[in-house]
Amino acid sequence: MQVKEINASLNAAGISPIFMKGTGNLIDGIYNDIGERIIGDIDFLVPEKDYLTAAELFKNEGFVICFPDAVNSDHKRHHHYPRLWKKDVAADIEIHRSPVIEKYSIRFGADLVLRDKKTVAGYPVCYVLSDEHKLILNFIHSQLTNHGYALEFASLRDVYDTYCFSKRFSFKRISRNFPYRQKHIAWLKLNERLLNLPNIFYTGETLYAQLYRLKHDLINYSVIISRLNRLRWVLAVGIGLGADRIAESRSDSLLRRENIRNLFTPGWYVQNFKVGLAKYRKHSVNPVF
């Protein structure tokens, strides 16, 4: 199995990985049958000190960057190394230095995941996320990073993973320090309705959850409201990209002058709008309820 080969290579270099997402769920026995979960790549987290070492290790084994033209030159700061692939190997690999993007790592960072990691039977010297952290990562990745919460779409895969996690431990009483607690509760209550399993995930109700379900219904059953919400999100992403670029220019005088010129260039706004639209199309391919 490819996971064991990856683990053996890392162990030989003194690195103990933490397998995440679909791969972590599969080797940890989350599903009744391995056919319940298809994976596109193998995600694993390594300590910061081993991040670039692990990348070079697999490049020396013949792995190459999937999309070299799209590589961020500042990948040392990115939450994962550019995806690596190798001919005749089943799955690509993504080496993470953080479980989530920087925006959310303040609430759910590598140190927290490393502290509560758990061992896996049959996979020596490798780990997976704790059951609670599996639930948190599933929500952050699908609903925040991939914008499911803003765009009001629910992937069958993410809903089913939540259901499988509920068989491992009870999260009916989410603690006060749970990351993004109100949004997570709203997401769980929506999952309950989609599965027709009331109160299986969270006992009780919140006004935030009620309003979220109302918004979900309006967007998914009204073409006009759905299009307005899509336009709002695309514009927000475009403006956010522009704002991020301006913020980055504070310590770079050349970039700052370029951005000042951009503010008076209509094409710059059009470009950001197109990027926002591309992100929408990318993240709206999941089944919508």
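The stretch between LEU156 and ARG193, if pulled fully straight at 0.36 nm per residue, gains 12.0 nm over its current Cα-Cα span. Taking label points 7 Å from Cα along the Cα-to-Cβ direction, ILE39 and ARG115 give a separation of 2.6 nm.
Measuring r between the beta carbons of VAL125 and ASN60 and using R0 = 25 Å, the FRET efficiency lands at 0.75. Each part gets one Cα centre, and for the range 1-57 versus the range 143-159 those centres are 24 Å apart. Give the Debye-formula value of log10 I(q)/I(0) at each listed q (0.10, 0.12 Å⁻¹), with one equal scatterer per alpha carbon of the range 1-122, two decimals each. Each listed q corresponds, in turn, to -0.30, -0.44. Rounded to the nearest 0.05, the FRET efficiency derived from the C-beta distance between GLU48 and LEU214 at R0 = 35 Å is 0.25. Once the Cβ-Cβ distance between ALA12 and GLN182 is put in as r, and R0 is 51 Å, what FRET efficiency do you end up with, to the nearest 0.05? Between ALA12 and GLN182 the formula returns 0.70.
Taking amide H atoms as placed 1.01 Å from N in the peptide plane, the amide H of VAL120 lies under 5 Å from those of CYS126, each 5 or more residues away in sequence or on another chain. For the residue pairs LYS49/LYS183; LYS134/LYS183; LYS103/LYS183; LYS86/LYS167, the C-alpha atoms sit more than 27 angstrom apart in LYS49/LYS183; LYS86/LYS167. Legend: ranking of residues MET20, MET1 from fewest to most surrounding C-beta atoms inside 10 Å; resulting order MET1, MET20.
Readers should treat all values here as calculations from the given coordinates under stated rules, not as data from a laboratory. Worth saying up front: this structure is predicted, and the values here are computed from it rather than measured. Positions of Cβ are backbone-derived with ideal geometry, glycine not excepted, and every protein chain shown enters the neighbour counts.
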